[in-house]
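Here is the structure we will look at.
The values are calculated or read from the model by the stated rules, or taken from the named source; none is laboratory data. Since the model is a prediction, treat every value here as computed from it, not as a measurement. As a convention, Cβ positions derive from the backbone with ideal geometry for all residues, glycine included, and neighbour counts pool all protein chains shown. Surface areas here come from the heavy atoms of the whole protein model, side chains and all, with no ligands, DNA or RNA. Shrake-Rupley method; radii C 1.70, N 1.55, O 1.52, S 1.80 Å.
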Amino acid sequence: ADAQRRDPRFDALSTGGDAAAATRRYAFLAEREKEELKASRAYLKTKRGRRDAAARGDYERRVSKQRQREHDERRRAVTARFRREERSKVKKTGKAPYYTKRSVLKGAVAQDRFADLKNRGKLGAFLAKRGRRAGLLEKGARKQGNDPAR
C-alpha cells in the first residue's frame, strides 16, 4: 500500500494549533502557489493543455481553494476589526460589550470586497457579470413557470 508522505511541519501538532502563526510562517507557500497557478494557466492555453481535462480540473480546484482562502482572510480581518473597535469602546466609555451579528459581519465583508474591487477598477465588470447571472436565473425560472416577477 502506498502510504502518502506528509511534511510534519504542516501538521496541527507541530504548529501548536495556532493557524495564524502557521499562515505567517508559511506565507512563502502562497507566493509559490500563485506562480504555479500562473504556469498552469499558461499550460492550459496551449493546444495540449486544452485537451488535458485532469490539468483543467486541478487548476480549477486550486483556484477555488485560493479564492476561499482569500474570502476567509477577508472575513477574519473584518471580524478582528469589529472586535478591536468594540474592545476600545468598552475600555474607553465602559459600555456593555456588543457582539456583532453574523448578518452585520457578512455585510461588512461584502462592503470590503466591493471597496477592493473598486480600488482595482473591476467593480463595473463584477456587477455586470452578477446582473447577467441574475437575468439567466430569472429566465430559467420563467421557463419552468416560476416567474419571480409575479
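Taking every residue in segment 66-79 that is more than 13 Å from Ala19 (Cβ to Cβ) and pairing it with any residue that is in a helix (DSSP H, G or I) and open to solvent by 90 Å² or more (accessible area, probe 1.4 Å), at least 6 positions away or on another chain, the pairs with Cβ-Cβ distances below 7 Å are Arg74/Arg113. Among the conditions (1) under 30 Å from Leu29 (Cα atoms); (2) over 15 Å from the mean Cα position of the chain (by Cα), Gly135 misses just one, which is (1).
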